[in-house]
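The values are calculated or read from the model by the stated rules, or taken from the named source; none is laboratory data. Just so it is clear, the model here is predicted, and its values are computed rather than measured. Because the Cβ atoms are built from the backbone with ideal geometry, glycine has one as well, and the counts that use them run over all protein chains shown. Heads up: the accessible areas ignore ligands, DNA and RNA and are worked out on the full protein's heavy atoms, side chains in. Shrake-Rupley method; radii C 1.70, N 1.55, O 1.52, S 1.80 Å.
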Amino acid sequence: MPGFTDKITSQIMNGVGAKLAQKKMSGNMKTEKGVELTPIGNGQALHPLAAHALLEAQKGAGFQFNIQESFRSEDEQRARLDKYFAAGMPGNSAPSRPGWSRHNQGLAIHLEPGQQDYEFLQQNGQHFGWVEDEESPGHFDFVGFDKEWEDKLYLPDMTEEGSDYYGKGR
């Protein structure tokens, strides 16, 4: 799919993402960092740039994705982490601490592995700024298209010890 990345980057950089950011959600749903989220349907919401990139991916696929999960508040993240520890830390991948999950920033989604939307994003997501987490099938992170995107996404400083930089936050 050559050309999609350039087209998406151009659209977002030329204000399409900014226009999406101006959309209001009922209740003005925002991340803890103050970024207003953009609704993506089915009660789900994402960071405006991630929402636009997901919309473009759906257009490229020719169908709407069945998003299982997207934004999650820091309180929801804390509850998820507490449940993990209460269960005796099953599995090999702990949930990120509150504020460190890409879900808390509106920059992650879950799709059902084996479904058509999952297969499409797994094979083509990089053309739209989405990558699958190697440790968590079905978990996709919006990382943009290059390192410069980090500033545009308002990410926390993930250089300190214990961070779960790109692709590790669930």
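Look at (1) in contact with a Leu (Cβ under 7 Å, 6 or more places away or on another chain); (2) surrounded by 21 or more Cβ atoms within 10 Å (Cβ to Cβ) and you find that Arg97 fails only one, number (2).
Of all residue pairs spaced 6 or more apart or on separate chains, those with beta-carbon atoms under 7 Å, a first member in the stretch 32-45 that is among the β-branched types (Val, Ile, Thr) and a second member that is assigned to a loop (DSSP other than H, G, I, E, B) and surrounded by 14 or more Cβ atoms within 10 Å (Cβ to Cβ) are Val35/His47; Val35/Gly106; Val35/Tyr154; Ile40/Ile67; Ile40/Ser70.
In summary, His139 fulfils each of the numbered conditions (1) of a type outside the set (Gly, Ala, Ser); (2) open to solvent by 50 Å² or more (accessible area, probe 1.4 Å); (3) within 14 Å of the chain's Cα centre (by Cα) with the single exception of condition (2). Here Ser70 meets each of (1) touching a Phe, Trp or Tyr at 6+ places or on another chain (Cβ under 9 Å); (2) surrounded by 20 or more Cβ atoms within 10 Å (Cβ to Cβ); (3) at pLDDT 95 or above with one exception, condition (1). The single condition among (1) of a type in the set (Gly, Ala, Ser); (2) open to solvent by 30 Å² or more (accessible area, probe 1.4 Å); (3) touching a residue at least 40 places away in the same chain (Cβ under 8 Å) that Ala57 does not meet is (2).
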